[in-house]
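Worksheet: the structure to be examined is printed underneath.
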Amino acid sequence: MLNSSHPQQPASNQLGISGKSTNGPKESTSYKRFRAGLPISDVAAGRTEKFGLLRTAQSLIHDHNKAASEQHRTCWCHRGTANPGAGVSVYRQTSGDSARLQGVTTCKSVWACPVCSARICAARQAELSAGMQAWVGQGGYTWLMTLTFPHERGVPLAQLLGQFSKAKDRFKNSRTYKKILPKGGVRRGSVTSLEVTLGENGWHPHQHDLVFATPDAFGLVRELDGGRMASSVIDELKAAWYMALRKAGLCEQSQMNDVLAHGLDVRGGQYAAEYIAKFGKEQKWGLSREVTMHAAKTGGKKAGEYAGAHPFQLLAWAAEGDDQAGREFREYVHAFEGKRMLSWSPGLKKELTGLDELTDEQAEQNTMPDEERVGRIDSEALSVLQSRRLLGNFIGYVATWCTDIEVAQQEIDDYIEWARLQPRVSRGEVKRKMHVRGFAYADEELPA
Ligand SMILES: [Zn+2]
């Protein structure tokens, strides 16, 4: 991965701003180290992979039959400055793990954009964590209830989501659910999280409910394997969920035993805490090939062993030339457009944390406590980074090397000067690299 995240190093005489230059500024130490071939850190490389995936997403989502203004907003993410004429600030995490740009156009799509999604999920994760701590501090208990259904390949995702939504409404409005988990009774409220993976049996939408309730909300429970809880109350909920799925057309009577065994499960506080701790955490999509759909598709994995691929994994495969993964990513983006990822019961967030509801837009704008502004670039420099496909590498460079605020701006300028001398990456090269046939390429109508 390091090679791909580290572009060819320039020879010093190509740079035109070497230490020998009489007029130009002196090269910064970090920049010299970078140029000498020291790569960006592994952590930063992992964190910047999402910029490459964003570029892939933009190519896949772009619809060449539509005008520029009608394109999905993710097509424009990080492609220009948010306020014309204004610059772009460069922020760096003091840990050196990552960096980011502020003042660029962002799409704020939690589903389609690997870059915006990471920022939004980080803000959401902090809220969840605060909510759980507050509730536990009041003597409450957080349960993790998961709702799913038997899935088979070939059913369009949009259709499944519609049916799944109907089943959830029916279940939550059922007499059984209201009797067992009444709001304001044993249950203070819930946070629901909608997710999807793609596995050997096709799309697998599921929902996790963090149930803020009393320690005895699910009756007298005993723990089964994998932390799943059993009780007579949970059995009643399972039966109600089966009925809701039947009515929504998501299972047959012949699947009753399967649904009762796997359709709904409840786990205890430790699992809820782990779920919250990991919520939205970035993964190295390109590196997780062992659990990939490729293996599942080719029968390399036995049933049950396969965990399912996250949609951003599809982007990594599409970038490597997997046409089907590209089509599946597009289907996913269209099916999830306008859906909410996380929903708190009305008033619950404010009651527990004192925090107001944040829109995804506001969450994306949040400044993290551990980051500092280390410099700025202008819109022309941004297009230099874009046209050389160096945005992710630049972010990694800032994260790894711009440790000294006194000289960080100089180091940023040095990098941009070097980037300017790198060849533009042509559409043809990207196309050849991606081997994706039949997709329109965003670059044709988007600014370089
Ligand atoms: Zn975005």
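Entry remark, the stretch 94-117: residues being surrounded by fewer than 18 Cβ atoms within 10 Å (Cβ to Cβ) and in a strand (DSSP E or B) number 1 in total. Considering F218, F212, the condition of being in a loop (DSSP other than H, G, I, E, B), buried (at least 20 other Cβ atoms within 10 Å of the Cβ) and in contact with a helix residue (DSSP H, G or I) (Cβ under 7 Å, 6 or more places away or on another chain) is satisfied by F218 alone.
Restricting attention to the stretch 345-369 and to residues that are over 15 Å from S89 (Cα atoms) and among the β-branched types (V, I, T), the residue that is most open to solvent (accessible area, probe 1.4 Å) turns out to be T359. Looking only at the stretch 374-389, decide whether some residue is modelled with pLDDT under 95, of a type in the set (A, V, I, L, M, F, W, C) and closer than 30 Å to G184 by Cα. No, because not a single residue in the stretch 374-389 is modelled with pLDDT under 95, of a type in the set (A, V, I, L, M, F, W, C) and closer than 30 Å to G184 by Cα.
Scanning the stretch 323-344 for residues that are open to solvent by less than 20 Å² (accessible area, probe 1.4 Å) and without any contact (Cβ under 8 Å) to a residue 60 or more places away in the chain returns a single hit, A325. Residues in the stretch 223-256 that are modelled with pLDDT of 95 or more, over 22 Å from G185 (Cα atoms) and of a type in the set (D, E, K, R): R246, K247. Residue-level check: of (1) in a loop (DSSP other than H, G, I, E, B); (2) over 17 Å from the mean Cα position of the chain (by Cα), S89 misses just (1).
Does E372 qualify as being open to solvent by 30 Å² or more (accessible area, probe 1.4 Å), away from the ligand (no atom under 16 Å from the Cβ) and not in a loop (DSSP other than H, G, I, E, B)?
yes
Put simply, of A126, A67, A99 the only residue that is away from the ligand (no atom under 13 Å from the Cβ), within 20 Å of I395 (Cα to Cα) and among the hydrophobic types (A, V, I, L, M, F, W, C) is A99. Checking T176, T197, T214, T148 one by one, the residue that is in contact (Cβ under 8 Å) with a residue 12 or more places away in the chain, under 27 Å from T353 (Cα atoms) and polar (S, T, N, Q) is T214 and no other.
Can you name the residue in the stretch 125-172 that is in a helix (DSSP H, G or I) and charged (D, E, K, R) and, of all such residues, is least open to solvent (accessible area, probe 1.4 Å)? Top of the filtered list is E127. Remark: pairs (first residue in the stretch 43-72, over 14 Å from C107 (Cβ atoms); second residue away from the ligand (no atom under 16 Å from the Cβ) and of a type in the set (S, T, N, Q); Cβ separation under 8 Å; 6+ apart in sequence or on different chains) = A44/T400; A45/S5; T48/S5; T48/N393; E49/S5.
The values are calculated or read from the model by the stated rules, or taken from the named source; none is laboratory data. What you are looking at is a predicted structure, and each value in this text was computed from that prediction instead of being measured. All Cβ positions, even for glycine, are placed from backbone atoms using ideal geometry, and neighbour counts span all protein chains on display. Please note that ligands, DNA and RNA were not included when accessible areas were found on the heavy atoms of the full protein model with its side chains. Shrake-Rupley method; radii C 1.70, N 1.55, O 1.52, S 1.80 Å.
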